[in-house]
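The values are calculated or read from the model by the stated rules, or taken from the named source; none is laboratory data. If you're wondering where the values come from, they're calculated on a predicted model, not measured in any experiment. Note that we place each Cβ from the backbone using ideal geometry, even for glycine, and neighbour counts take in every protein chain shown. Surface accessibility is based on the protein's heavy atoms, side chains included, excluding ligands, DNA and RNA. Shrake-Rupley method; radii C 1.70, N 1.55, O 1.52, S 1.80 Å.
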Amino acid sequence: MARIALADDGIAFDGRNAETGALGGAETAFVRLAEALAARGHTVRAYTAGGASLRHKDVDWAPLAEFADDAPDLYVANRGHRTLDLAPRARRIAFWLHNDAAYLKKWRYLRRLWMRRPTLVFVSESHRGRAPSWLPGGARLSIPLGLEESYRREVERAPPAPVALYAANPARGLAELAAWWPRIGGDLIAHSGTDLYAAKPRARMVMQAALDAARAQPGISVRPLVPRVELIAILRAARTFLYPGDPTETFCLSVAEAQALGVPCVVMARGALPERVRDGETGFVAATADAFVDAARRLMADDDLWSRMHRACLATQRARGWSDVAADFEGLLP
């Protein structure tokens, strides 16, 4: 079996946070890949900024400041440019990207990509397509994210009450959804906030403005972000997951998880969202605001439509787990 190291230089977290705290998609993916690789028999070390030294689910976690280059067979540098400076003796290096690939054009990335020539790992075909063709680096792969096992065991259920759900970064369409809500009507629960996201002050202002717009709209209840252990029950109770999204959407784990639990979703045709939702089968991919509003209203009111899409979600949207993701990463081993 191989020796594998992973490093992330974003917010402070470690393997325990995936069970006890609220994590963003990139952090959750980092934890789950490390655990899946360890479960497949590899020796795995994971380093994060501000993380603790501990062993959790067969993964050795340590603070990034204590990174030890023991010449791993595979080193996975996660999203941040500084992680590309580590593990110079690694036999293979992969740069795992989660955000819009346009940021790779910045000099601090270009210089390191040229020097290290890592394999660039994207999380969707749309994501890979946004990377400039002239970027330096090694091979380019699209490895979609996986689902935790708890999201892959859902059984068929009756249509729930007509209460819609938004559970994501408020900057990813919550303000739009609030503006459209008088035309959709009914009740929307928005689990959202700013604490989870490592953002600059201007970005936080955008998030706060979206939260304020939602709070001001009758019918919308804004609630805090919740730990992942609580999210499954909240998703199961939702009639539909409404998510306008953003053109830079690279995967959207929230939509993938909702689909796996049998929740029909309505999304805009932005970024990777058409790869998550099967239009007309497991939800709707809307090209316009009017189409989004119409689809949301239909799903809230039509039990037969909801049941058909619910069954389609369960049949088609939960096949890929984290062991499958780990197997794809094993293809990078020397």
Examine segment 168-176 for a residue that is over 27 Å from Ala12 (Cβ atoms) and open to solvent by 70 Å² or more (accessible area, probe 1.4 Å), and state whether such a residue exists. no
Working only within segment 145-191, note down all residues that are over 21 Å from the mean Cα position of the chain (by Cα) and not in a loop (DSSP other than H, G, I, E, B). Val163, Ala178, Ala179, Trp180, Trp181, Pro182, Arg183, Ile184, Asp187, Leu188
Being in contact with a helix residue (DSSP H, G or I) (Cβ under 9 Å, 6 or more places away or on another chain), under 23 Å from Ser150 (Cα atoms) and at pLDDT 95 or above narrows it down to one of Ala190, Ala210, Ala272, Ala237, so name that one. Ala190
Residue hits (segment 256-280; open to solvent by 10 Å² or more (accessible area, probe 1.4 Å) and charged (D, E, K, R)) are Arg270, Glu275, Arg276, Arg278, Asp279
Please find, among Thr282, Thr288, Thr248, the residue that is under 20 Å from Pro162 (Cβ atoms) and among the β-branched types (Val, Ile, Thr). Thr282
Of the criteria (1) open to solvent by 40 Å² or more (accessible area, probe 1.4 Å); (2) under 19 Å from the mean Cα position of the chain (by Cα), which one Phe329 fails: (1)
Hey, can you tell me all the residues within segment 34-50 that are open to solvent by less than 20 Å² (accessible area, probe 1.4 Å) and either assigned to a strand (DSSP E or B) or of a type in the set (Val, Ile, Thr) (or both)? Val44, Ala46, Tyr47, Thr48
Residue in segment 283-321 that is most open to solvent (accessible area, probe 1.4 Å), counting only those that are in contact with a helix residue (DSSP H, G or I) (Cβ under 7 Å, 6 or more places away or on another chain) and farther than 17 Å from Val263 by Cβ: Ala289
Taking the condition of being more than 22 Å from the chain's Cα centre (by Cα) and either closer than 14 Å to Arg16 by Cβ or free of Cβ contacts under 8 Å to residues at least 12 places away in the same chain (or both), how many residues in segment 37-55 meet it? 4
Read through the list (1) in a helix (DSSP H, G or I); (2) in contact with a Pro (Cβ under 9 Å, 6 or more places away or on another chain); (3) within 30 Å of Asp302 (Cα to Cα); (4) open to solvent by 10 Å² or more (accessible area, probe 1.4 Å), then give the number of the only condition that Ala214 fails. (4)
In segment 224-255, what count of residues is obtained for those that are without any contact (Cβ under 8 Å) to a residue 40 or more places away in the chain and open to solvent by 30 Å² or more (accessible area, probe 1.4 Å)? 4
Being acidic (Asp, Glu), under 25 Å from Pro264 (Cβ atoms), open to solvent by 30 Å² or more (accessible area, probe 1.4 Å) and touching a residue at least 24 places away in the same chain (Cβ under 8 Å) narrows it down to one of Asp195, Asp187, so name that one. Asp187
